[in-house]
């Protein structure tokens with residue numbers, strides 16, 4: 001039986017953030033970065049296959065997994081970008097290869113554009129965020145309306161207690177309901193590492209509920225596109241054909257990348273690295 005990863009932590013912006021290290025420190029470094037409301041152990045299947053050729057490190061983003069929750073509930077992309085920069089800086093990982101999913105992909109893409117010399121190769125799984133159509137609809141609301149909505153949503157989340165599941169099996173069923181592509185083994189693994197047991201014996205998801213509310217404004221899209229154009233490393237943008245996310249090859253966003261290629265996986269949703277694991281790994285290995 002292959003040993004699992006070891007658990008470590010680093011400090012960023014006064015928070016203790018956790019990461020798991022799969023060993024092989026003499027190999028080239030590779031960061032696996034999860035998405036929103038997920039955790040580092042969702043990469044275990046990929047890490048098991050990559051650990052012999054790479055020094056694999058998978059962090060828990062702030063407010064996720066076993067990392068600290070932000071006291072001011074700040075989970076914006078820029079705050080997480082600083083955390084990633086600190087991880088790479090403190091562990092002296094640059095130049096590093098990064099594979100990132102969803103919200104983690106947005107963070108990794110910005111890091112690669114801000115520090116192009118620090119990233120050797122980059123894989124972003126549905127990491128470009130909202131489609132141009134969704135973005136235009138959001139920005140059609142005046143800024144005062146967006147700020148009021150943000151305040152209302154934050155206030156609502158402040159009164160929302162983490163949901164409690166009587167048993168692990170109940171949480172497992174919830175996980176299965178979120179993604180019908182998951183096998184029972186995948187869903188059980190993600191559940192076991194994604195919940196904490198409460199004092200009364202019930203179980204709750206580890207992520208902070210404030211993660212559900214994003215800021216009313218972010219970097220202007222022109223600035224985001226400028227950062228994308230600044231990426232110099234080979235970049236793979238991966239999308240699932242059954243996902244809500246818009247394909248950047250057809251919505252125009254791929255044109256903002258100088259070195260990117262888009263791959264679409266059939267019969268896969270937003271978590272395509274789980275839904276079509278074998279094909280995902282084949283594409284990933286060929287790219288790396």
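Restricting attention to the range 145-174, the residues that are within 18 Å of residue 208 (Cβ to Cβ), in a helix (DSSP H, G or I) and touching a helix residue (DSSP H, G or I) at 6+ places or on another chain (Cβ under 6 Å) total 2. Residue count for the range 8-19 under the criterion of being surrounded by 13 or more Cβ atoms within 10 Å (Cβ to Cβ) and either modelled with pLDDT under 95 or over 18 Å from residue 101 (Cβ atoms) (or both): the result is 6.
Testing residue 214 on (1) at pLDDT 95 or above; (2) surrounded by 14 or more Cβ atoms within 10 Å (Cβ to Cβ); (3) closer than 25 Å to residue 238 by Cα, one condition comes back false. Which one is that? Going through the list (1) at pLDDT 95 or above; (2) surrounded by 14 or more Cβ atoms within 10 Å (Cβ to Cβ); (3) closer than 25 Å to residue 238 by Cα, residue 214 breaks only (1). Taking the range 234-255 as the range and being surrounded by fewer than 18 Cβ atoms within 10 Å (Cβ to Cβ) and more than 22 Å from residue 279 (Cβ to Cβ) as the test, the residues that pass are 251, 252, 255. Filter the range 212-225 down to the residues that are part of a loop (DSSP other than H, G, I, E, B), touching a residue at least 24 places away in the same chain (Cβ under 8 Å) and out of contact with any helix residue (DSSP H, G or I) (no Cβ under 6 Å at 6 or more places or on another chain) and list them by number. Within the range 212-225, 214, 215, 217, 218, 219 qualify.
Test residue 281 against the stated conditions and say whether it is surrounded by 13 or more Cβ atoms within 10 Å (Cβ to Cβ) and either at positive phi or under 17 Å from the mean Cα position of the chain (by Cα) (or both).
no
Per this entry, residue 61 is counted among residues that are within 23 Å of residue 219 (Cα to Cα) and in a loop (DSSP other than H, G, I, E, B).
Here is a yes/no grid of residues against (1) under 25 Å from residue 236 (Cβ atoms); (2) surrounded by fewer than 18 Cβ atoms within 10 Å (Cβ to Cβ); (3) touching a strand residue (DSSP E or B) at 6+ places or on another chain (Cβ under 8 Å); (4) at pLDDT below 95:
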position	(1), (2), (3), (4)
124	yes, no, yes, no
141	no, yes, no, no
145	no, yes, no, no
159	no, yes, no, yes
171	no, no, yes, no
175	no, no, no, no
180	no, yes, no, yes
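Can you find, within the range 20-43, the residue that is nearest to residue 120 (Cα to Cα) among those that are touching a helix residue (DSSP H, G or I) at 6+ places or on another chain (Cβ under 7 Å) and surrounded by fewer than 20 Cβ atoms within 10 Å (Cβ to Cβ)? Residue satisfying both the conditions and the ranking: 36. Somewhere in the range 30-38, is a residue modelled with pLDDT of 95 or more, farther than 18 Å from residue 274 by Cβ, assigned to a loop (DSSP other than H, G, I, E, B) and over 12 Å from the mean Cα position of the chain (by Cα)? No: zero hits. When the range 182-211 is filtered for residues that are assigned to a helix (DSSP H, G or I) and surrounded by 12 or more Cβ atoms within 10 Å (Cβ to Cβ), the ones remaining, listed by number, are 186, 187, 188, 189, 190, 191, 192, 193, 194, 209, 210, 211. Remark: pairs (first residue in the range 71-93, at positive phi; second residue surrounded by 15 or more Cβ atoms within 10 Å (Cβ to Cβ) and not in a loop (DSSP other than H, G, I, E, B); Cβ separation under 6 Å; 6+ apart in sequence or on different chains) = 73/210.
One residue stands out among those in the range 226-268 that are in a strand (DSSP E or B) and touching a residue at least 60 places away in the same chain (Cβ under 8 Å): the one that is farthest from residue 178 (Cα to Cα), which is 235. If the condition is being assigned to a loop (DSSP other than H, G, I, E, B) and either free of Cβ contacts under 8 Å to residues at least 60 places away in the same chain or within 10 Å of the chain's Cα centre (by Cα) (or both), then the range 10-29 contributes 14, 22, 23, 24, 25, 26, 27. The residues of the range 261-271 that are touching a helix residue (DSSP H, G or I) at 6+ places or on another chain (Cβ under 6 Å) and buried (at least 18 other Cβ atoms within 10 Å of the Cβ), listed by number, are 263, 265, 268, 269.
The values are calculated or read from the model by the stated rules, or taken from the named source; none is laboratory data. From a predicted model like this one, the values you see are computed outputs, not experimental measurements. Please note: Cβ atoms are built from the backbone with ideal geometry, for glycine as well, and neighbour counts cover all protein chains shown.
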